[in-house]
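All remarks here apply to the structure that follows.
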């Protein structure tokens, strides 16, 4: 596949799965053997586990939207930088809903194989997210 086709697949993940909050649509863009490397957030060994994580995330942030600022591709890899926004309306990693609106930046590297996303290496500003949710104090705030 061309780099432009690979970028289109990643674009579909962001807009058809995440922005429409459609766990089922992940089947159309991700391989069954999809592996998610979540850095400090852990690993997900296959698409079924990833779909469970997505469902929980969509419950926690039901108005979640993502905007990609850059999609760069070479060979079978696509790098995306993005910002997602949402309102914390459901439990998230044991944190009860706060009603707070958050804005989080991230970068992911995707490997595309056979017309579907086979792997993702994910890094997001989780510290910033926890600060926005009020779980971790901002610099200069009393703890």
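Answer yes or no: is there a residue in segment 64-82 that is in a helix (DSSP H, G or I), surrounded by 18 or more Cβ atoms within 10 Å (Cβ to Cβ) and touching a residue at least 24 places away in the same chain (Cβ under 8 Å). Within segment 64-82, none of the residues are in a helix (DSSP H, G or I), surrounded by 18 or more Cβ atoms within 10 Å (Cβ to Cβ) and touching a residue at least 24 places away in the same chain (Cβ under 8 Å). Examine segment 86-100 for a residue that is surrounded by fewer than 18 Cβ atoms within 10 Å (Cβ to Cβ), touching a strand residue (DSSP E or B) at 6+ places or on another chain (Cβ under 9 Å), within 19 Å of residue 36 (Cβ to Cβ) and in contact (Cβ under 8 Å) with a residue 24 or more places away in the chain, and state whether such a residue exists. Checking segment 86-100: not a single residue is surrounded by fewer than 18 Cβ atoms within 10 Å (Cβ to Cβ), touching a strand residue (DSSP E or B) at 6+ places or on another chain (Cβ under 9 Å), within 19 Å of residue 36 (Cβ to Cβ) and in contact (Cβ under 8 Å) with a residue 24 or more places away in the chain.
When segment 1-50 is filtered for residues that are free of Cβ contacts under 8 Å to residues at least 24 places away in the same chain, touching a strand residue (DSSP E or B) at 6+ places or on another chain (Cβ under 8 Å), surrounded by 15 or more Cβ atoms within 10 Å (Cβ to Cβ) and not in a helix (DSSP H, G or I), only 44 remains. Per the conditions (1) under 17 Å from residue 66 (Cα atoms); (2) modelled with pLDDT under 95, the sole criterion not satisfied by residue 140 is (1).
I'm trying to understand the selection: among the residues of segment 119-136, which are surrounded by fewer than 16 Cβ atoms within 10 Å (Cβ to Cβ) and either part of a strand (DSSP E or B) or touching a helix residue (DSSP H, G or I) at 6+ places or on another chain (Cβ under 7 Å) (or both)? 123, 136 - these are the residues of segment 119-136 that are surrounded by fewer than 16 Cβ atoms within 10 Å (Cβ to Cβ) and either part of a strand (DSSP E or B) or touching a helix residue (DSSP H, G or I) at 6+ places or on another chain (Cβ under 7 Å) (or both).
The values are calculated or read from the model by the stated rules, or taken from the named source; none is laboratory data. All of these numbers come straight from a predicted model, not from anything done at the bench. A quick note on method: Cβ atoms are made from the backbone with ideal geometry, for glycine too, and the neighbour counts reach across all protein chains shown.
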